[in-house]
1. Within the bounds of segment 63-80, is there any residue that is within 13 Å of the ligand (Cβ to nearest atom) and either outside any helix (DSSP H, G or I) or closer than 20 Å to C290 by Cβ (or both)?
2. Quick check on segment 204-212. Is at least one of its residues closer than 22 Å to G28 by Cβ, part of a loop (DSSP other than H, G, I, E, B) and basic (K, R)?
3. Name the one entry in I242, I270, I265, I283 that is closer than 20 Å to F133 by Cα and assigned by TED's automatic domain parsing to the domain that holds G197.
4. When you look at K306, is it more than 22 Å from G197 (Cα to Cα), surrounded by 17 or more Cβ atoms within 10 Å (Cβ to Cβ) and in the same structural domain as S209 (by TED's automatic domain parsing), yes or no?
5. Take the conditions in the same structural domain as N247 (by TED's automatic domain parsing), surrounded by 23 or more Cβ atoms within 10 Å (Cβ to Cβ) and in contact (Cβ under 8 Å) with a residue 12 or more places away in the chain and apply them to S221. Does it pass?
6. E272: touching an Asp or Glu at 6+ places or on another chain (Cβ under 9 Å) and charged (D, E, K, R), yes or no?
7. Looking only at residues in segment 287-331 that are among the acidic types (D, E) and in a helix (DSSP H, G or I), which one is farthest from the ligand (Cβ to nearest atom)?
8. Checking the condition within 16 Å of the ligand (Cβ to nearest atom) and either touching a Pro at 6+ places or on another chain (Cβ under 8 Å) or modelled with pLDDT of 95 or more (or both), which residue from K101, K49 passes?
Amino acid sequence: MTYKGLIQKYKEYLPITNDTPSLTLLEGNTPLIKAINLSSKYGVSIYFKYEGLNPTGSFKDRGMVVAVAKAIEEGSNHIICASTGNTSASAAAYAARANIKCSVIIPSGKIAYGKLAQALIYGANVVAVDGNFDEALEIVKSLSDKYPITLVNSINPYRLQGQKTSSFEIIDALGDSPDYLCLPVGNAGNITAYWMGFNEYYVKNKCTSLPVVYGFQAKGSCPIVENKIFTHPETIASAIRIGNPVNWDNANKVVNQSGGSIEAITDEKIIEAYKLLASSEGIFAEPASCISLAGIIQKIELGEIKKQSTVVGILTGNGLKDPDIAIKNIKKVKSIMCDEKKIKEIIFK
Ligand SMILES: *Cc1c(COP(=O)(O)O)cnc(C)c1O
């Protein structure tokens, strides 16, 4: 059957009624790619769910399509969000598709160039503020309380409903739950959504068990790990630069129920994993996503991911979103004379 988008495919698991518009950009249905080289290096079956192949290049599309469809069903014609980048790109795209207005509030100078370009080209009303994500979120919450405008940050419950469908796809692809699920944690919506998805789908699909869930935060932005709000979160992984996560309590529930944990990873390790993933598997994911691989390696080294087991790492966003980071972390390319002999010398060195 041809794929008609996430709402159509998973209708029975989503809060969809006859009045919900059939909005889609054919989000979801992303590949689960076996990391053949890393799996043989570590003696663990490592798979990556490549969410960077969603229509706007991140998993945010899964939740946004449901949130925007429900907003329209409820009579709204204006959505708003605070964003470190990917939420605004996704909100702007679905608002354009649905012919409604979209306003996005972003921390000035703190968002990846590709993400900003997306929000602008999709036609959103972009407001940059001198503040961080957490401060911007307080303002959009207050505005959506007072005025007829729908908040589409992950406080909006429809976001998590859409996001949980990725778990369904993983079970469908593997024929079972993986032993471990590893993913980045920012506002902790995604970790909450995955757990919800596995729980709703695993019995019906005769899975042997639920995965152990390991979440990862950047060392300079790890409120859940240290159990304190970070007023000035800092990390190269801008998508998870969050000091006061919306779904903090839910994240703790997930790790308690699954027997997992949330750990901190340094920016240095994130960048190492970012380069390793691209150079060893041909998969380019943004830095926040690559914390999944950095975390997998750490857990294998600690023996907390067992040899021969099956691990799924979530690659939340596409590497092309933030080319500046790639260029900054790679040896500079020097230009030389356009001469066959000179070029030959270099490529066979
Ligand atoms: C939003 C985002 C995250 C964090 O997800 P949360 O649900 O906020 O924990 C991680 N990576 C990327 C690329 C994102 O866009």
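1. Among the residues of segment 63-80, not one is within 13 Å of the ligand (Cβ to nearest atom) and either outside any helix (DSSP H, G or I) or closer than 20 Å to C290 by Cβ (or both), which makes the answer no.
2. Yes; the residues of segment 204-212 include at least one that is closer than 22 Å to G28 by Cβ, part of a loop (DSSP other than H, G, I, E, B) and basic (K, R).
3. Numbers: I270 fails: closer than 20 Å to F133 by Cα; I265 fails: closer than 20 Å to F133 by Cα; I283 fails: closer than 20 Å to F133 by Cα.
From the options I242, I270, I265, I283, the qualifying one is I242.
4. no
5. Working: in the same structural domain as N247 (by TED's automatic domain parsing): yes; surrounded by 23 or more Cβ atoms within 10 Å (Cβ to Cβ): yes; in contact (Cβ under 8 Å) with a residue 12 or more places away in the chain: yes.
Here the answer is yes, as S221 does meet what is asked.
6. No; evaluated as a whole, the condition is false for this residue.
7. Here the residue is E301.
8. Residue meeting the stated conditions: K49.
The values are calculated or read from the model by the stated rules, or taken from the named source; none is laboratory data. Nothing here was measured: the structure is a model prediction, and the numbers come from that model. Note that each Cβ is placed from the backbone with ideal geometry, even for glycine, and that neighbours are counted across all protein chains shown. Just so you know, the surface numbers come from the protein's heavy atoms only, side chains and all, with ligands and any DNA or RNA stripped out. Shrake-Rupley method; radii C 1.70, N 1.55, O 1.52, S 1.80 Å.
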